[in-house]
Each structure stands twice: as C-alpha cells, then as structure tokens.
1. Which residues, counting only those in region 442-486, are of a type in the set (Val, Ile, Thr) and surrounded by 14 or more Cβ atoms within 10 Å (Cβ to Cβ)?
2. When you scan region 430-457, how many residues do you find that are touching a helix residue (DSSP H, G or I) at 6+ places or on another chain (Cβ under 6 Å) and within 21 Å of Ser393 (Cβ to Cβ)?
3. Can you name the residue in region 23-82 that is among the acidic types (Asp, Glu) and not in a helix (DSSP H, G or I) and is also farthest from the chain's Cα centre (by Cα) among such residues?
4. Taking region 422-459, which residues are hydroxyl-bearing (Ser, Thr, Tyr) and farther than 17 Å from Pro410 by Cα?
5. Mind checking which residues of region 457-487 are among the aliphatic types (A, V, I, L, M) and closer than 17 Å to Glu423 by Cβ?
6. Consider Glu123 carefully, then state whether it is among the acidic types (Asp, Glu), closer than 19 Å to Trp47 by Cβ and surrounded by fewer than 16 Cβ atoms within 10 Å (Cβ to Cβ).
7. Please work out which residue is nearest to Leu262 (Cα to Cα), limiting yourself to region 367-381 and to residues that are in contact with a Lys or Arg (Cβ under 9 Å, 6 or more places away or on another chain) and buried (at least 19 other Cβ atoms within 10 Å of the Cβ).
Amino acid sequence: MNFFNDFVLLLKARYPIIYISTYEEERIEYIIRYCAKKYVSRTYYSWDFIDGYQGNPNDTGFAARNPLEALELIEKLTPETASIFVLKDYDNFLKDISVIRKLKNLSRTLKTQPKNLIIISPEVNIPDSLKEIITVVEFPLPNYSEIQEELKRLMNSLKQEVSDESMNNLTVACQGLSLERIRRVLSKIIAQYGEIKESSPELILQEKKQIIQQSQLLEFCIADKKLSDLGGLENFKDWLKVRSEAFSQAAIEYGLPYPKGLLLVGVQGTGKSIAAKIIANEWQLPLLRLDFGRLFASLVGQSESRVRKMIQVAEALSPCILWVDEIDKAFAGIQNGGDSGTTGRVLATFITWLSEKTSPVFVVATANNVEWIPPEVLRKGRFDEIFFLSLPSRDERQAIFDVHLKRFRPETEQNYQVSLLSELSKDFSGAEIEQVVIDAMRIGFSEKRDFTNEDVIISIQNLVPLAKTKNKEIKLLQEWSESGNITRASK
C-alpha cells in the first residue's frame, strides 16, 4: 500500500503538519494508531470540536469547542515527548487569523521535535497562507485484497461458505466503496435475506447509485443496449470483444493494465451514444454520464473543485464506464473566452487525469465537431483508440433497418424490402433510419392498419437527411478521419 509507506516516511522525516483527505475517519484512525505504535513509538492524541481530546486520561475533554486551545496542548508537552496529534474536521477553523498564526509558529517548533500534527477532513480546504507548511496526503479507498479480507472475516462470522468465483464477483462489486459502506450494505443484505447471495453484487450497485445521487455531478444511466441493437460498426464491435474481460481479476493477474477509454467522433445520429451504453452492457459495468455543464460554478475555484470531486466519485465507483457526452461543446468554451480561464483550467485537470489515471474508470467521450477539440486531447495516451463513425454504408443501412424492424415488427419483418429501403436511404444516419420507421408506423396507425413497405418509402422521401443540410461540416469530418491515426468504426 503506497499510502502506508509514504505516511510512515512523513512521520519519520518529522513533517510538522500532515493533512489527510478522507471520509473514512475510523479506518484512517486505526492506521495512524498502528503506525504510531509500531514504527515511530509515539503517543496518540485525538481531538474533535465537541468532545475535545480523547484517549489520554490526563487530557480527556481538554479544548472542547476551542480549536485554538487544541493547538496549545502541543506546546504544553515537553519537547522530548514523542506524540501524534489528530485533529478532526479542523479545516473549518483554518481561516481564523489566530489559528493561522499559531500553526505557523508550531510548524517551526515541531521540525525539531518528535511530534506530528495531523488534520483529517473529507475535503481539502487550505488557505494560501498555509499551503507552504501543510503536506496533503490522499487516503485511498480499500483495495482488492483489503476488501476480500473484510469479506472473508464477515463470512467466517456468518459461518457461510462461498465459491471463489462468487467471492471474486462480490469483491469487484465492492470496489470503490469505503469499508463503512461495505459493512452497511452487507448488513442490509443479511438483514433482508439472511445470507450473502449470488445476487448480492446487484444490491451493492444500488449503494453505488446513492453516492452518485449525493454528488449531483454525475448521472447514473441504464445500459439497456446490446451489440445486436447496433447495425454495422464491425471494427468497433471487434475491438470491444477483444477487451470483454479487460477489468477482470484474471486480466490483472496476467499483468494487463486497465484500458483508458475511447473517443468516438462522427456525424450526429451514427450511434455514438448507443455505443457507450453497449460498452457498459457488454462489460457488465455501471454507466455514469458526465454533463460538463454541471462542473462549472459561479465562485472562483469552485469549478476546479467540482472536477476533482467528480473524479473522486468516478474512481469511488470503479470499475465503471464514464460517458462524457459531446465533449467538443465543453472545449468550445475555451475559444469563446470570457470566463477568466476557468474552462481551460477545468479541462486541463480533466485531460491530465485522462493521461495519468490508473483506476479502472473507462472513459467514453463522444464528439460531433472535431474543430473544437484541441490537438493535445487527440494525441496518443489520452485514449486507447479514436474511432470515426461515418454515415452508414449500404450494407450497414440494411443492418440498421433489420435492427429496427425486428424491434417493432418481429413477426412480420420479412414483409419489408430491406434491400430496397437501404438503397433509397443513401446518406441517412442510423438515427434518421429509426425515425423513418417510426414515421411509417404513424402513417399506418393513423389509417388503422399496419404500416407497409410503401409507408417506409414515403417517409424516406419526406425526410431531408443531415448529410444534405450539413454537407460542409460532414465533408470536413470525412477529410479529418483520413488525415491521421484515426480508426474507422466501420469496415
């Protein structure tokens, strides 16, 4: 565990003030106590605003409701007394001028003494005047082995045996949750069913939905599309099948890194959004949708904070699919300007995360206008692959007609001349073909009969495709797709 080694090193190096960002207060306290006893032999002191100092009989209740006095205890102890002081939620008092001055004075003193001051808080709120003396450390969520150890402990207490496969599925489902949430959701499952069942991973997913609702930054989407719902795009489908088990424990043991993501660029209505849902469905992972507009706030610095929060939530729910719909519109804000560089900073944070992330969050970004996307986003390393989705070919249009006619008229699909319809619908996108079928159904319904082949032809003749109204933009997209390392989604 990298955190463990880094934290012990900071204690031994006598870093005066350490700031740990985590929601898992109980778990981090256990680790701090363990390190204090085994590695640096220091007395443990814990303070919160309501109860003051706890754990040491001589100082129980000291400095309750007095954050400045909480710092004064550190000075009362002799310089030789090796100690660790844990202050919970102390970030709420870091704007007080007396607290700021006291911390600055203490930082100079603590450098020469075997003492460390540790602030625990769910969020990082440090004023600029203290950033130089405070070291921030993020406490990671429990990893695969820690979760499995907790699950085995629970199974032993329940005297219940589960297969290795079920244990693996349960562990993967719990990844991204804190130990407290894992215990809570498993207690709910046991209370409801009396045991851990095969369906337990689905119930754990409900707990993950709660995290999304609380964040108000991401939207939980239902991945209700299958590969059979997508006509054409054979190269994309082949790419997907090769990576069907990319997030499995077997892939990790094999040494495979997690795939980073895909950028799907193309004409509107060619199946980019459906593709995102298909990936989530095929890989059996939760699908989160990000609307970049939700990240921007009116207060200075708040937008950047929301990006970091969004990343934390996405990684907390990993393994998952993060669907960034119409990412090109977010980049258009950079060209417009007028926001003091907020858009640029937000996107810089997001792009850096794309390159450096090691968590199992697969990003699926879609875009219509490639001119708005900066070159640095398109370079190798941000995404595993960039697919271009062009207007469907004749064979693909036939496959798309097959998909929709099977969906709406599975019993009478053979009554329609799909080959003729695909010929007549040249330059139609997949979405436009679906609309043609729906319009034909409306014609038949209005005349109290089933819709016919002729109704579909009439609908084709009445619809002006986007390829004609946006001819210039589509030509630019086609030229761009032939200019670089872009893979065509169609064969």
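1. Restricting attention to region 442-486, the residues satisfying the condition of being of a type in the set (Val, Ile, Thr) are 443, 452, 456-458, 460, 464, 469, 474, 486.
Result: Ile443, Thr452, Val456, Ile457, Ile458, Ile460, Ile474, Ile486.
2. First, pick out the residues of region 430-457 that are touching a helix residue (DSSP H, G or I) at 6+ places or on another chain (Cβ under 6 Å): 430, 433-434, 436-437, 439-440, 443-444, 450-451, 455-456.
From what is left, the residues that are within 21 Å of Ser393 (Cβ to Cβ) are 430, 433-434, 436-437, 456.
Adding up the residues that qualify gives 6.
3. Let us first name the residues in region 23-82 that are among the acidic types (Asp, Glu), namely 24-26, 29, 48, 51, 59, 69, 72, 75, 80.
Cutting the leftovers down to not in a helix (DSSP H, G or I) gives us 24, 48, 51, 80.
Numbers: Glu24: 19, Asp48: 32, Asp51: 36, Glu80: 46 Å.
Checking each candidate, the answer is Glu80.
4. Answer for region 422-459, where residues must be hydroxyl-bearing (Ser, Thr, Tyr) and farther than 17 Å from Pro410 by Cα: Ser422, Ser425, Ser429, Ser446, Ser459.
5. As a first pass, look at region 457-487 and keep what is among the aliphatic types (A, V, I, L, M): 457-458, 460, 463-464, 466-467, 474, 476-477, 486.
Answer for region 457-487, where residues must be among the aliphatic types (A, V, I, L, M) and closer than 17 Å to Glu423 by Cβ: Ile457, Ile458, Ile460, Leu463, Ala467.
6. Details: among the acidic types (Asp, Glu): yes; closer than 19 Å to Trp47 by Cβ: yes; surrounded by fewer than 16 Cβ atoms within 10 Å (Cβ to Cβ): yes.
For Glu123, the condition - among the acidic types (Asp, Glu), closer than 19 Å to Trp47 by Cβ and surrounded by fewer than 16 Cβ atoms within 10 Å (Cβ to Cβ) - is met.
7. Quick first cut of region 367-381, residues in contact with a Lys or Arg (Cβ under 9 Å, 6 or more places away or on another chain) only: 367-369, 372, 376, 381.
If we keep only those that are buried (at least 19 other Cβ atoms within 10 Å of the Cβ) too, we end up with 367-368.
Numbers: Ala367: 11, Asn368: 14 Å.
Restricting to residues being in contact with a Lys or Arg (Cβ under 9 Å, 6 or more places away or on another chain) and buried (at least 19 other Cβ atoms within 10 Å of the Cβ), the top hit is Ala367.
Results for (1) surrounded by 15 or more Cβ atoms within 10 Å (Cβ to Cβ); (2) free of Cβ contacts under 8 Å to residues at least 60 places away in the same chain; (3) more than 19 Å from Ile18 (Cβ to Cβ); (4) of a type in the set (A, V, I, L, M), shown as yes or no for each residue.
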position: Leu71; (1), (2), (3), (4): yes, yes, no, yes
position: Ser98; (1), (2), (3), (4): no, yes, yes, no
position: Lys111; (1), (2), (3), (4): no, no, no, no
position: Pro114; (1), (2), (3), (4): yes, no, no, no
position: Asp128; (1), (2), (3), (4): no, yes, no, no
position: Ile147; (1), (2), (3), (4): yes, yes, yes, yes
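All of the numbers you see were taken from the coordinates with simple rules; none came from a lab. Treat the numbers as computed from the prediction; the structure is a model and nothing was measured. Quick reminder, even Gly has a Cβ in these numbers, built from the backbone with ideal geometry, and neighbours come from all protein chains shown.
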